[in-house]
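Below is one structure, written out as structure tokens; comments come after it.
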Amino acid sequence: MLLASLCQLIQLTKMSNLKGASEIVEVMTLTISSSYKSAFFLYYQKDYASMLNLMKSYFYERPLFASKGRNNYTNMSKFLCYTDLITYIYLISAVIFISFSIIATAFVPESKNLLPNCKPNLTCVSEQPNLNPALPVKIWLPVDYSWTPLYQIVHVMTSFVLYDCCLIYVAQDVFCFTLLYAVSGQFQILEESLMNLGNLVEEKKLEKIQRKYTVAGGDSGEG
């Protein structure tokens with residue numbers, strides 16, 4: 001992805017067409033941000049692993065001081081099952097969308113464009129219409145990749161770059177969403193634990209008062 005970003009930057013400096021440059025900038029922001037997210041994840045990989053170990057070791061499964069007959073308390077396993085569903089839907093929809101985009105561009109030949117790395121002139125044979133499918137990610141290469149099978153190899157590589165960018169975005173979003181959702185579940189468990197503790201204290205006070213009146217009633221009866 002970093003190499004694709006550099007190739008896009010070189011292509012941007014060589015272009016004079018504003019419309020083509022805007023398309024390059026749009027895709028370049030995607031590849032650069034994905035490269036940054038990937039580097040950030042690799043750099044803080046140990047911290048992410050520590051957070052996961054903290055969640056597995058110290059997060060409570062259910063509230064403390066819960067009544068024995070109560071079944072409606074928060075359970076982390078049931079609480080996090082929604083994250084799995086949302087993760088699968090998000091991942092599948094992203095892969096389907098990217099696959100559809102790549103397949104759609106594969107059926108649209110660049111018939112109005114010159115072959116890559118060709119300057120328009122009267123004697124250039126590369127002025128013939130380019131019937132190759134459009135690249136999913138437009139990049140610049142220092143060699144002429146318009147001939148078969150090099151163009152198909154470049155097409156597969158750019159498709160892989162687009163898939164990689166998509167999966168990086170999905171992985172980062174899913175990780176942050178799951179972490180925040182788990183923390184919110186722990187706050188809910190903490191709230192229920194404090195409520196259970198308050199109810200337990202009130203029950204102890206009532207038992208103490210009842211015991212006191214029972215003892216007082218027994219003493220008065222004996223008198």
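Here are the numbers:
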read-out	value
Residue in the range 97-119 that is in contact with a helix residue (DSSP H, G or I) (Cβ under 7 Å, 6 or more places away or on another chain) and modelled with pLDDT of 75 or more present	yes
Some residue of the range 47-69 being at pLDDT 75 or above, in contact with an Asp or Glu (Cβ under 7 Å, 6 or more places away or on another chain) and not in a helix (DSSP H, G or I)	yes
When residues of the range 44-61 are limited to those that are of a type in the set (A, V, I, L, M) and loosely packed, with under 12 Cβ neighbours inside 10 Å, the one nearest to N75 (Cα to Cα)	L54
Boolean, N75 is at pLDDT 60 or above, within 30 Å of F177 (Cβ to Cβ) and surrounded by fewer than 11 Cβ atoms within 10 Å (Cβ to Cβ)	no
Complete set of residues in the range 152-190 that are free of Cβ contacts under 8 Å to residues at least 24 places away in the same chain and over 27 Å from Y48 (Cβ atoms)	Q152, I153, V154, V156, M157
Some residue of the range 132-150 being part of a helix (DSSP H, G or I), at pLDDT 75 or above and not β-branched (V, I, T)	yes
Search result, residues across the range 16-46 that are modelled with pLDDT of 80 or more and not in a helix (DSSP H, G or I)	Y44
Unique match (being among the β-branched types (V, I, T) and crowded, with 16+ Cβ neighbours inside 10 Å) among V183, V143, V156, V174	V174
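Condition check ((1) over 20 Å from E61 (Cα atoms); (2) under 22 Å from the mean Cα position of the chain (by Cα); (3) at pLDDT 85 or above) across all residues:
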position: V161; (1), (2), (3): yes, yes, no
position: D164; (1), (2), (3): yes, yes, no
position: F175; (1), (2), (3): no, yes, yes
position: A182; (1), (2), (3): no, yes, yes
position: Q186; (1), (2), (3): no, yes, yes
position: N196; (1), (2), (3): no, no, no
position: E203; (1), (2), (3): yes, no, no
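The values are calculated or read from the model by the stated rules, or taken from the named source; none is laboratory data. Here the structure is a predicted model, which means the values were calculated and not measured. With ideal geometry, Cβ positions are generated from the backbone for all residues, glycine too; neighbour counts draw on all protein chains shown.
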